[in-house]
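Below is one structure; the comments refer to it alone.
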Amino acid sequence: RLLLCFSALPALFKEELRNEEAMEGKVVTLRCELTKSASVEWKKGHTVLKPSEKYKMRQKDVIVELVIHNLNESDA
């Protein structure tokens, strides 16, 4: 009798986040690509970001985006 055990490989960054420049009061989109589809949690420091008028999260398969509206200095 043969027993096979598979451990799921974690999702890794295929394309990591890049620094983006944008003007205060405007919108910026941060984008990354994962090696496989996985649930993503966006954080600023230790604070988990939640969808709101300011933050919009989008995910399509392995492409994950965070859209930040009405940029200000504290978003750096």
Among Ala11, Ala38, Ala22, residue whose mean-square fluctuation peaks in a GNM of the chain (springs only between Cα atoms under 10 Å): Ala22
Highest-fluctuation residue, Arg31, Arg58, Arg18 considered, GNM on the chain with Cα pairs under 10 Å: Arg18
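Over the chain, what is the relative contact order in whole percent, taking alpha-carbon pairs under 8 Å and six or more residues apart? Could the numbers behind the result be given before it?
Numbers: 110 pairs, mean separation 24.3, N = 76.
Value for the chain: 32 percent.
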Å² per residue, accessible surface of the chain at 1.4 Å: 86 Å²
Shape box of the chain [Cα atoms, principal axes, largest first, Å]: 64, 21, 21
Heavy-atom accessible surface of the chain: percent carbon and sulfur, 1.4 Å: 53 percent
Theoretical gain in end-to-end length, Lys43 to Glu24 [0.36 nm per residue, Cα-Cα removed]: 4.8 nm
At most 16 other Cβ within 10 Å, DSSP loop - chymotrypsin sites (Phe, Trp or Tyr not before Pro), region 13-72: Trp42
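The values are calculated or read from the model by the stated rules, or taken from the named source; none is laboratory data. What you see is a predicted model, and the numbers here were worked out from it, not measured in a lab. Cβ sites come from the backbone with ideal geometry, for glycine too, and all protein chains shown count toward neighbours. All accessible areas refer to the heavy atoms of the entire protein, side chains included, with ligands and DNA or RNA removed. Shrake-Rupley method; radii C 1.70, N 1.55, O 1.52, S 1.80 Å.
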